[in-house]
Amino acid sequence: MSKPHSSTQPPPMSNRQRKIMERQAEKNREMAAAKRTSSKEEGDAGGGGAGRENTSKRTPFRESELMFLARHPVPDFSLALDFRQPVEELLKKHPKMRRVRLDGGRKLSEFSELFGVREDGLDQDREDFAYLHEDHPAFTPSAQRTLIKGCLKDYSRHPNKSNLDAHYKVPSSGLWDLHENVYLNKQTLDDPSVFVPRKADVDNQANGYGSDDDDDGDDEQDKDGSDSGKQQETGPRPKPTPPAPQPPTKKPKPSGDNNPTPSPQRRQMVPITDETPSVPLNTPKHDPEPSSQVPILPPAQLIRKMRWITLGYQYHWPSKTYNFDQNAPFPKELCILSKAVVAAVEDKESFEYPYSAEDFVAEAGVINYYQLKDRLMGHVDRSELNKHAPLVSFSFGHSCIYLLGGPTREQSPTPILLQSGDVLVMTGPCRSAFHGVPRIIEDTLPDYLKSDPSDPEWDIYADYLAEARINLNIRQVYPPKEPTTTTTTATPLT
């Protein structure tokens with residue numbers, strides 16, 4: 001009997017075996033590359049399948065997405081528009097850029113004090129100007145911190161919806177308060193009430209919110225669900241201990257908008273023009289069934305699963321339409337801020353597609369929370385009934401590559417480097433343009449958003465931003481001067 005080979009010393013291969021393995025390895029690499037870039041993305045017809053990818057079918061927008069998605073080699077981020085460059089260098093490098101003075105030559109802080117006033121007195125002239133790109137006819141550090149706190153804490157409370165509401169019974173006070181209590185050692189992970197229960201395990205309210213006030217005292221299971229995840233002012237009541245946080249035994253099914261039930265019919269992606277019909281108001285709005293497979297996580301981990309919050313008119317993600325019967329009060333300070341931005345760019349002599357600030361009403365908004373590996377693939381916003389009003393977008397935290405294309409993916413997009421404090425206004429044809437975020441750039445968090453020994457209250461926000469980017473975008477849904485029921489409320493920012 002021959003001596004068995006040691007497990008640490010494989011038997012030697014012949015030349016023929018080595019060639020076979022090399023050919024198989026090359027084939028595996030080709031199949032992996034084809035799978036990564038298989039055209040199963042939104043809007044593409046047909047499936048990819050294994051084998052060598054037909055790169056001739058890639059659109060220019062897709063080529064740009066793949067370029068910035070690549071980890072090896074690292075993309076050349078200098079190809080993106082960087083508005084922090086010196087003016088002369090920026091305009092020389094990008095001849096299609098045009099620098100225009102804001103309306104009246106005023107500073108942004110004169111349009112709204114929410115932009116903040118620079119304390120160092122440096123670079124004041126940069127606040128007087130905006131930049132236009134012919135292909136697509138900032139905040140102070142303290143002001144950024146104020147808005148970041150609002151996005152994470154104040155605006156994430158009910159009645160504003162998040163992606164977590166579909167599967168978790170999130171308390172009305174929001175998730176951030178729970179996270180803050182544990183972070184500041186006001187509560188420990190030994191306290192069952194800091195864990196947000198699964199909605200499927202609590203009750204049958206698949207299409208509603210969990211409320212802190214919906215106890216009737218008769219249904220013990222309902223009582224447990226409504227009390228979980230909040231602090232009791234009169235002390236916690238005895239209740240069964242919820243399951244301890246454990247990793248799931250099997251990979252959880254994709255939650256939220258990935259697998260809505262039933263799946264809405266995908267709309268055909270066509271270029272949008274002034275004559276393009278609006279989204280039908282009677283589009284069925286089926287909410288996804290709550291999943292019993294989502295994990296029970298500590299607040300610090302669950303907060304990283306929060307992908308979006310909707311403001312004002314609540315957006316129905318599966319059908320990509322608005323719930324016009326669900327209109328949450330819009331934060332007053334964001335109404336003022338977005339209107340100030342529109343006022344700053346309404347000069348008809350400088351801007352080709354001005355929009356009257358008097359006509360602009362902030363009616364809906366989305367806060368997108370990106371972790372470092374997240375991305376937003378190319379898409380078009382088609383749901384607003386008013387396609388002429390500007391979309392105002394604010395960036396905070398890590399920098400990203402933002403691709404702004406045309407009415408189809410066949411037009412090569414312009415890559416833009418969006419950094420913390422940048423404001424992007426999409427108006428005119430840009431409102432119907434494909435756009436996306438293929439890359440969050442690591443290690444780009446500004447120093448003024450990192451932990452500060454002189455401001456210990458900021459530490460919890462700095463900890464979150466160490467691996468995140470926040471985007472706040474505000475829209476007008478209805479045509480101007482059309483009556484709506486939009487209400488506003490002043491939210492204290494802490």
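Of note:
- Residue count for segment 440-471, restricted to those that are within 30 Å of Y353 (Cα to Cα) and open to solvent by 10 Å² or more (accessible area, probe 1.4 Å): 1
- So N386, is it buried (at least 19 other Cβ atoms within 10 Å of the Cβ) and either touching a strand residue (DSSP E or B) at 6+ places or on another chain (Cβ under 6 Å) or of a type outside the set (F, W, Y) (or both): yes
- Residue within segment 281-292 that is more than 23 Å from G365 (Cβ to Cβ) and modelled with pLDDT under 80 present: yes
- Count - residues of segment 325-342 that are within 11 Å of P390 (Cβ to Cβ) and open to solvent by less than 30 Å² (accessible area, probe 1.4 Å): 3
- Elements of the type helices (runs of 4 or more DSSP H) sitting completely within segment 122-226 and holding at least 2 residues that are open to solvent by less than 30 Å² (accessible area, probe 1.4 Å) and modelled with pLDDT of 90 or more: these cover 141-149, 176-183.
- Only one of the numbered conditions (1) over 19 Å from A130 (Cα atoms); (2) open to solvent by 20 Å² or more (accessible area, probe 1.4 Å) is violated by G397, and that is (2).
The values are calculated or read from the model by the stated rules, or taken from the named source; none is laboratory data. Since this is a predicted model, take the numbers as computed values, not measurements. Don't worry about glycine lacking a Cβ; one is built from the backbone with ideal geometry, like all the others, and counts go over all protein chains shown. Protein only, heavy atoms only, side chains kept; ligands, DNA and RNA dropped before computing areas. Shrake-Rupley method; radii C 1.70, N 1.55, O 1.52, S 1.80 Å.
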